[in-house]
Amino acid sequence: MFRHVAVIGAGAAGLVVGHELLREGHTVVVYEKGEQVGGSWIYTSETESDPLGVDPNRYPVHSSLYKSLRVNLPRELMGFQAYPFVARNYEGSVDLRRYPGHEEVLRYLQNFAREFGVDQVVRLHTEVLNARLVESNKWKVKSRKKDDVVEEETFDAVVVCNGHFSVPRLAQVPGIDSWPGKQMHSHNYRIPNPFQDQVVILIGHYASGLDIKRDLAGFAKEVHIASRSVADETHEKQPGYDNMWLHSMVERANEDGTVVFRNGRVVSADVIMHCTGYKYNYPFLETNGIVTVDDNRVGPLYKHVFPPVLAPGLSFVGIPQKVIPFPFFELQSKWIASVLSGRIVLPSQDEMMEDVKAFYSKLEASGKPKRYTHIMDYPQLIEYTDWLAAQCNCQGYEEWRKQMAYSAFKNAFITRPGTYRDEWDDEHLVAEANKDFIKYTSNKSK
């Protein structure tokens, strides 16, 4: 069976979904409201009028990239299996570092789209306004072009790939509504210069928080990091910095401009920046309440992809977090493409729902809140991707990739948290990866 499929979003997930659907013989339309493909890897200096990103009347900015961002995974690990992310492997490659800047990732994705013809099925400047189920299990997608022309088209299936790094989640801090300083979310952070000689508190100590604290240290008077993952008494000056401290979580913010941490320390601050992640958001999707977002749990979803009641006509790619994104999207895409063609048959609706309920019960029994539903640790990631590969009867994560993932995580968070992008000790895995890449790399691209 060959389907007519709508893909919403032309970031990394949407592009590889488009590729796998085309490989399977489906006809595809990839909707992208921006002017180019690349999704969250398109940098812009533009920020939102509301620095917290909560005003419903603000003009939304999709990208959350800051100017200095370098990837936090080695490029060998990061690339699609069908198109390795190796230096000089594609047109325009100029950043040869193992952990390159965001510009290199965008070039890579755009070359991937051209190489496999995905760019030919992308409709740029086209925003999806509504996607809804209609008669005969078809999906009607209403879209608006740049010139405000509105169109509707009917599809057999919709794959949602709009990302989840654009709608901020904020920390809940007692008293913060009366606190007089400036608040913002890291979504609207671009460069450190505006924070010259200011006292900045970062809430959150993962991914963006780790990068931004170092970015700010050369400009801000003081940088204080509040983390939920440390003991309440924590107050540690950060190695290599004279103006940076790690604290336990903020206890409250006061009207006099001070902020009190759980460790009892009091800081008079100019700025509070929430580095607290993002919300899943699907304002265009109409499912009559079948798919909901509850405390950042998108559900019910079978294996984080298919809503049992609407499968296989509706699916999601890229929802899980703390994964190896691009090859992860690739495996999910292979599964979806094969299910839509009938080569893979999903369990019954009841069986899928029972699987979801069992998963939720396991999370509840372990004490994890709903908002952790889509966060995977390393063993869960490997188990999940091995399962996907078995379903698709395709290559899963290579052994070197599994080992490199663990090695990279250890290097970034334990061994060399400040220098992991430039120092490592897994050269033997790099060598294995490069041997594996030979079969993908043509003489022309060397």
Conditions (1) surrounded by 21 or more Cβ atoms within 10 Å (Cβ to Cβ); (2) not in a helix (DSSP H, G or I); number of the one not met by G367: (1)
Members of the range 22-51 that are touching a strand residue (DSSP E or B) at 6+ places or on another chain (Cβ under 7 Å) and surrounded by fewer than 18 Cβ atoms within 10 Å (Cβ to Cβ): T27
Test: S68 is among the hydroxyl-bearing types (S, T, Y) and open to solvent by less than 40 Å² (accessible area, probe 1.4 Å): no
Residue in the range 227-236 that is without any contact (Cβ under 8 Å) to a residue 60 or more places away in the chain, crowded, with 16+ Cβ neighbours inside 10 Å, within 23 Å of V167 (Cβ to Cβ) and not charged (D, E, K, R) present: yes
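Taking the residues in the range 115-145 that are part of a helix (DSSP H, G or I) and in contact (Cβ under 8 Å) with a residue 12 or more places away in the chain as candidates, determine which candidate is least open to solvent (accessible area, probe 1.4 Å).
So the first thing to find is which residues in the range 115-145 are part of a helix (DSSP H, G or I), and the list is 115, 118-121, 135-137.
Now drop any that are not in contact (Cβ under 8 Å) with a residue 12 or more places away in the chain, which leaves 115, 118-119, 121, 137.
Numbers: E115: 121, V118: 0, D119: 54, V121: 31, N137: 117 Å².
So the residue we want is V118.
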Count of the range 135-152 residues which are touching a strand residue (DSSP E or B) at 6+ places or on another chain (Cβ under 8 Å) and closer than 21 Å to I336 by Cα: 4
From V298, V259, V291, residue being in contact with a strand residue (DSSP E or B) (Cβ under 9 Å, 6 or more places away or on another chain), open to solvent by less than 10 Å² (accessible area, probe 1.4 Å) and assigned by the TED database to the domain that holds A13: V298
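The values are calculated or read from the model by the stated rules, or taken from the named source; none is laboratory data. Nothing here was measured: the structure is a model prediction, and the numbers come from that model. So basically every Cβ, Gly included, is an ideal-geometry build from the backbone, and we count neighbours across all protein chains shown. Accessible surface areas use protein heavy atoms only, side chains included; no ligands, DNA or RNA. Shrake-Rupley method; radii C 1.70, N 1.55, O 1.52, S 1.80 Å.
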